[in-house]
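Throughout, read-outs are computed from the coordinates displayed, never taken from laboratory work. On a predicted model such as this, the values are computed, not experimentally measured, just so you know. So basically every Cβ, Gly included, is an ideal-geometry build from the backbone, and we count neighbours across all protein chains shown.
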Amino acid sequence: MKLPVELLAQAEAAYPIGADDVTALRQRNAAASARELDGAVHFERRRAMLSATARESADLAFERYIGTNDLLPSNYLLSGYLHARSVGRVRYLDKTTRRAAYATGFMVTPELMLTNHHVFPVATAAEFAAFADDAAIEFGYEYDVLGRRLEPVAHALDPETFLHTYAALDLALVAVKPRDVSGQRRLSDQGYLVLDGTLGKAGAGDYATIVQHPDGREKQVALRNNQIVDNSLPDALIYQSDTAPGSSGAAVFNNEWQVIALHSAGVAKKDAAGNYLDRDGQPVPVENGRVDESRVVWISNRGFRVSAIVGYLLSPASGVDRHPLIQTLRSPAYTNARPFTAASLPVLAAQELGLAAAAPAAAPNPAPACLLYTSPSPRDS
């Protein structure tokens with residue numbers, strides 16, 4: 001993905017910070033208490049959020065927040081797998097460059113996908129058609145448990161039904177076709193991730209998890225070196241993370257697998273002359289006002305808060321707050337506590353597991369089931 005240098009300049013102006021500053025923030029976070037870092041009001045918001053959402057003992061989740069317990073419950077792994085199903089690879093043909101472009105996006109309602117404005121820097125469906133061709137989100141572009149790359153399921157984007165972009169929060173919200181390009185798979189099979197506008201989902205010193213398709217490659221997860229170093233900005237979170245290059249539009253999660261931010265772009269490393277630098281210290285060329293995201297080195301990362309995104313979308317300023325597809329965000333059923341449905345895990349033959357083939361059974365047991373967030377869509381037919 002080619003990042004506009006204007007976006008990088010805006011990120012640097014909003015949060016001018018160097019590598020030494022990030023180190024100092026991490027040292028501060030290690031030395032101070034959660035209450036000192038977040039303030040008494042947010043501290044209590046975080047406690048209340050954990051009590052309401054933790055899929056474990058709320059006391060254990062709170063201990064992790066205040067820094068006395070680094071352990072995670074074992075269901076963290078399965079929950080992460082299920083939530084990651086709603087994250088996909090965005091791909092399209094950029095008509096301005098005649099090259100394939102890739103990013104990350106994720107479903108946030110049964111019909112709508114969220115990614116970055118700089119991925120689709122347009123305002124109308126007509127501009128979208130002039131900018132991108134064959135735009136789709138591909139789910140399941142990843143490896144299975146045996147390391148085999150799966151065949152992705154592609155759903156075409158549908159800007160004619162809904163499209164809204166907002167540069168200030170670097171967001172693009174676009175409808176997705178309810179059937180895949182083959183007509184065989186339903187979009188509802190992927191589920192969606194809830195955008196909870198309530199404050200209290202993250203604190204300074206917490207760790208983020210980012211699900212992404214870096215540089216258009218198979219789905220990957222950033223689990224390490226991803227501390228939230230600054231929680232003080234009203235619209236954004238600042239974090240260090242091993243987000244690989246090309247992760248525009250990725251979902252940023254907390255330990256409870258709530259989406260806390262939309263990954264955008266942070267402060268990039270530059271030399272004294274103002275050139276963006278790669279990992280070898282070489283200047284990254286700027287072409288047509290854009291720089292290759294896959295080569296940029298990040299000093300810090302920035303994600304726009306879900307609370308800011310929801311607040312904007314539901315405000316008259318957005319111009320879409322009364323749209324039926326946005327009204328979903330107001331529904332009492334739009335919650336992380338919504339019902340689960342069963343989805344079968346893949347069945348692996350004994351030979352694939354390195355086991356001797358078993359004698360045929362008269363009545364084989366059904367495949368084990370896992371739980372997947374889904375919700376029927378009025379467009380899913």
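Just Gly147, Gly200, Gly39 to compare: in a GNM of the chain, with alpha carbon springs under 10 Å, which one fluctuates most? Of Gly147, Gly200, Gly39, the most mobile in the Gaussian network model is Gly147. Sequence-ordered 3J(HN,Hα) estimates for region 251-260 from the Karplus curve with 6.51, -1.76 and 1.60 and θ = phi - 60° stand at 8, 9, 10, 9, 5, 8, 6, 8, 6, 10 Hz, glycine and proline given as x. Given (i) 165; (ii) 157; (iii) 137 as candidate values of volume of the Cα convex hull per residue in Å³, which corresponds to the one derived from the coordinates? Among (i) 165; (ii) 157; (iii) 137, the one calculated here is (i).
The helix-only estimate of mean residue ellipticity at 222 nm for the chain, built from DSSP H runs of length n ≥ 4 each weighted as -39500 (n - 2.57), is -6000 deg cm²/dmol after division by the residue total.
What the phi angles of region 195-200 give under the Karplus curve with 6.51, -1.76 and 1.60, with θ = phi - 60°, is a coupling list of 9, 8, x, 5, 6, x Hz, glycine and proline written as x. Amide H contacts under 5 Å for Ala268: Ile299, restricted to partners 5 or more places along the chain or on a different chain, H placed in the peptide plane at 1.01 Å from N.
Spatially, region 218-277 and region 284-340 are offset by 14 Å when compared through their Cα centroids.
Restriction of the trypsin sites (Lys or Arg not before Pro) in region 148-211 to DSSP coil positions whose beta-carbon has at most 14 other beta-carbons within 10 angstrom yields Arg148. First check a/c for region 27-74, with a ≥ b ≥ c the square roots of the eigenvalues of its C-alpha gyration tensor; if it is under 1.5, answer rounded, and if not, answer prolate when a/b is larger than b/c or oblate otherwise. Oblate is the answer for region 27-74, as a/c is 1.5 or above yet b/c matches or exceeds a/b. Pairs of lysines in the chain whose Cα atoms sit within less than 20 Å of one another amount to 4, provided the residues are eight or more positions apart or on different chains.
Exposure proxy for Val320, Val267, Val5: other Cβ atoms within 10 Å of each Cβ, ordered fewest to most, give Val5, Val320, Val267. Using the Karplus relation 6.51 cos²θ - 1.76 cosθ + 1.60 with θ = phi - 60°, the per-residue 3J(HN,Hα) values for region 118-125 come to 6, 6, 10, x, 9, 10, 10, 5 Hz, with x marking Gly and Pro.
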